[in-house]
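Scroll down for the structure; my scribbles are underneath it.
Readers should treat all values here as calculations from the given coordinates under stated rules, not as data from a laboratory. Quick caveat: nothing in here was measured; it's all calculated off a predicted structure. Using ideal geometry, Cβ is built from the backbone for each residue, glycine included, and neighbour counts are taken over all protein chains shown.
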Amino acid sequence: MFQKNVVILQKFKINKFMKPSEEELFYDDSEAIEFILNTLPEEIKKRINDTHIEYVLDVIYDFCEENGWIEEDSTEEAEIDEKAMFDYIKKAVKKDKFDLSDEEIEYILEGEFEYGKSIGIYYEN
């Protein structure tokens, strides 16, 4: 299940996931969606569009919020287990009857992680 996407099994840390200011990092959903689409292999791009990615980003946000990692005035780091995040997304996809395979979720998660690293929100242990 996870043979292609090693990142899913790794843990990573989140620096901030907050509103922008001059001193804070800014997560732009539109930019993230475009970035993720550009990281997808061609065969996956045929099956995934920005609606799929936006859905997964919303579920990731819910996951982080439920775990108390989205605080407007917090600068604390949090260690996030991507396997737990993957399972959370998979459960939401099933509940919402959203058309995404495990492989597609993995690719979206990997692209989201790379986007987060590119803007300084995530880093690997």
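See the values below:
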quantity	calculated
Neighbour-count order for THR51, THR39, fewest beta carbons within 10 angstrom listed first	THR51, THR39
Karplus-derived 3J(HN,Hα), 6.51/-1.76/1.60, for each residue of region 54-63, Hz, glycine and proline x	4, 4, 5, 4, 5, 5, 4, 4, 4, 4
Out-of-range pairs (alpha-carbon distance over 22 Å; input LYS46/LYS97; LYS46/LYS83; LYS91/LYS117; LYS97/LYS117; LYS94/LYS117)	LYS46/LYS83; LYS91/LYS117; LYS97/LYS117; LYS94/LYS117
Proportion of all alpha-carbon pairs of region 25-124 beyond 25 Å (%)	14 percent
Sorted by Cβ density within 10 Å, fewest first, the residues PHE113, PHE26	PHE26, PHE113
Neighbour-count ranking [beta-carbon atoms within 10 angstrom, fewest first] of GLU42, GLU66, GLU114	GLU42, GLU66, GLU114
Phi-based couplings in Hz for region 91-103 (Karplus 6.51, -1.76, 1.60; Gly and Pro marked x)	5, 5, 4, 5, 4, 7, 6, 8, 7, 9, 7, 4, 4
